[in-house]
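Asker: Dumping the structure here so I can ask a few things about it.
The values are calculated or read from the model by the stated rules, or taken from the named source; none is laboratory data. Computed from a predicted structure; not experimentally measured. Cβ placement follows ideal geometry from the backbone for every residue including glycine, while neighbour counts extend to all protein chains displayed.
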Amino acid sequence: MKAVLLDGFGGLEVLKVGEIDKPAPKEGEVLVKVVATSINRPDLVQRAGNYPPPPGDSEILGLEVSGTIAELGAGVEGWQVGDRVISLVGGGGYAEYAVAYASHLMRIPESVSFEEAACICESYITAFLNVFMIGDFQDGQTAILHGGGGGVNTAAIQLSKALTPNSKLIVTAHPAKMDRVSELGADLVINFLENPDFTGIVKEYTAKKGVDLILDHVGAKYLGPNMKSLAYKGKMVSIGVISGIKAELNLALMMVKRQQIIGSVLRSRPVPEKAEIVAEFTRRALPKFADRTIVPIIEKAFTIDEVVEAHRMMEEDAHFGKIVLKIAET
């Protein structure tokens, strides 16, 4: 089968399109004929050699797949060859065929295209898990979502507006993306280049109360401003560390305000735990895609042979929403 292979670890030059044996599904797994996948920032980290797949998962890049079931493994029930599905995968999405756990599958709603479906699993499930399941974000509350315009950020905005329509969202964004972030539903957009310390703006907007939740992928640089911006009993869910892993924390302030800092990753969670997350997402969020309340935002769809250009767009942060990689034509 055709797949994107890594010629060692490093920059764009290590991405090669070649041939590799088609995988076979084991018990409890299915083989998916992949129509599309998406480019996610962890793919770039893995390409650089710093994000290995969980033991037993494919070393091919790609954390989600959209396609049809080509083969059922032993013991799989409730699914048939030909079903239109999406799934989280530990690896293997950048290929014509990928193995997925049956418990991680979701049916693609009839109203959703394969390319749109390829955007759902990694970004939207990540946002849903951390904002709603871990962050326990409630209607009427206020959140800060960092990284305006990125895949997880746009997913978090869309999910929040669909599931908690009376919530207030403060989003930090590059000035080039601020207008689109506002149009997407953010209530307050902060230019992070002009305001690296956003605490004063947040304090004024919330009438000194602070926010109930912060979804952060920035890490060390934002730890201080984040904690100062959190309300009493507020939660910060940390899902990335692009600015560094070490920062000073005022423990006394955190204790007095009864704040929580929660670290979270999705890829390395046990298979049954991921299945529970997928089931809850299917119940609460997937209907919003079916009725087109939420429509994934696609900056551009590249073919598998254009994978270098797709990774370059992600590296340059030149996208808004998702970057799709088309593996096959429908």
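Asker: List every residue pair whose Cβ atoms lie under 6 Å apart, where the two residues are 6 or more positions apart in sequence or sit on different chains, the first residue falls within segment 91-113 and is hydroxyl-bearing (Ser, Thr, Tyr), and the second residue, located anywhere, is in a helix (DSSP H, G or I).
Answerer: Listed pairs, sorted by first residue: Tyr101/Val271; Ser103/Ala275; Ser111/Ala290.
Asker: While we're on this one: Just name the residue that is farthest from Lys26 (Cα to Cα) out of those in segment 77-93 that are of a type in the set (A, V, I, L, M) and touching a helix residue (DSSP H, G or I) at 6+ places or on another chain (Cβ under 6 Å).
Answerer: Selected residue: Ile86.
Asker: Mind listing whichever residues of segment 195-227 are farther than 15 Å from Ile245 by Cα and charged (D, E, K, R)?
Answerer: Within segment 195-227, Asp197, Lys203, Glu204, Lys208, Lys209, Asp212 qualify.
Asker: Here's a follow-up. From the list Phe281, Phe289, pick out the single residue that is outside the structural domain of His217 (by TED's automatic domain parsing), surrounded by 13 or more Cβ atoms within 10 Å (Cβ to Cβ) and either outside any helix (DSSP H, G or I) or in contact with a helix residue (DSSP H, G or I) (Cβ under 6 Å, 6 or more places away or on another chain) (or both).
Answerer: Working: Phe289 fails: either outside any helix (DSSP H, G or I) or in contact with a helix residue (DSSP H, G or I) (Cβ under 6 Å, 6 or more places away or on another chain) (or both).
The match here is Phe281.
Asker: Next question, about the same structure. Go through (1) surrounded by 15 or more Cβ atoms within 10 Å (Cβ to Cβ); (2) of a type in the set (A, V, I, L, M, F, W, C); (3) modelled with pLDDT under 95 one by one and return the number of the condition Ala310 breaks.
Answerer: (3)
Asker: Answer with yes or no whether Val30 is in contact with a strand residue (DSSP E or B) (Cβ under 8 Å, 6 or more places away or on another chain), assigned to a loop (DSSP other than H, G, I, E, B) and either without any contact (Cβ under 8 Å) to a residue 12 or more places away in the chain or among the β-branched types (Val, Ile, Thr) (or both).
Answerer: no
Asker: On the given criteria, is Phe302 surrounded by 14 or more Cβ atoms within 10 Å (Cβ to Cβ) and over 24 Å from Pro53 (Cβ atoms)?
Answerer: Working: surrounded by 14 or more Cβ atoms within 10 Å (Cβ to Cβ): yes; over 24 Å from Pro53 (Cβ atoms): no.
Here the answer is no, as Phe302 does not meet what is asked.
Asker: Let me ask something else. Restricting to segment 278-330, give me the number of residues that are of a type in the set (Gly, Ala, Ser), over 17 Å from Val17 (Cα atoms) and in contact with a Phe, Trp or Tyr (Cβ under 6 Å, 6 or more places away or on another chain).
Answerer: 1
Asker: All but one of (1) closer than 24 Å to Ile262 by Cα; (2) crowded, with 24+ Cβ neighbours inside 10 Å; (3) in contact with a helix residue (DSSP H, G or I) (Cβ under 6 Å, 6 or more places away or on another chain) hold for Thr172; which doesn't?
Answerer: With (1) closer than 24 Å to Ile262 by Cα; (2) crowded, with 24+ Cβ neighbours inside 10 Å; (3) in contact with a helix residue (DSSP H, G or I) (Cβ under 6 Å, 6 or more places away or on another chain) applied to Thr172, the lone miss is (3).
Asker: Any residue that is of a type in the set (A, V, I, L, M), over 18 Å from the mean Cα position of the chain (by Cα) and over 21 Å from Asp197 (Cβ atoms) - is there at least one of those in segment 267-277?
Answerer: Quick first cut of segment 267-277, residues of a type in the set (A, V, I, L, M) only: 271, 275, 277.
Still in the running and over 18 Å from the mean Cα position of the chain (by Cα): none.
Within segment 267-277, not a single residue is of a type in the set (A, V, I, L, M), over 18 Å from the mean Cα position of the chain (by Cα) and over 21 Å from Asp197 (Cβ atoms).
Asker: Which pairs have Cβ atoms under 6 Å, sit 6 or more apart or on different chains, and link a residue in segment 297-314 that is within 25 Å of Ala156 (Cβ to Cβ) and part of a strand (DSSP E or B) to one that is aliphatic (A, V, I, L, M) and modelled with pLDDT of 95 or more?
Answerer: Close Cβ pairs satisfying both conditions: Ile298/Val324; Glu299/Ile323; Ala301/Val324; Phe302/Ala310; Phe302/Leu325.
Asker: Taking segment 14-51, which residues are in contact with a His (Cβ under 7 Å, 6 or more places away or on another chain) and either surrounded by fewer than 18 Cβ atoms within 10 Å (Cβ to Cβ) or closer than 11 Å to Gly93 by Cβ (or both)?
Answerer: Within segment 14-51, Ile39, Leu44 meet the criteria.
Asker: Can you report the number of residues in segment 52-93 which are surrounded by fewer than 17 Cβ atoms within 10 Å (Cβ to Cβ) and within 21 Å of Leu12 (Cα to Cα)?
Answerer: Of the residues in that region, 2 qualify.
Asker: Which numbered condition trips up Arg267, out of (1) within 28 Å of Glu96 (Cβ to Cβ); (2) of a type in the set (D, E, K, R); (3) part of a strand (DSSP E or B); (4) touching a residue at least 60 places away in the same chain (Cβ under 8 Å)?
Answerer: (3)
Asker: Scan segment 36-43 and tell me whether some residue there is farther than 14 Å from Cys121 by Cβ and hydrophobic (A, V, I, L, M, F, W, C).
Answerer: no
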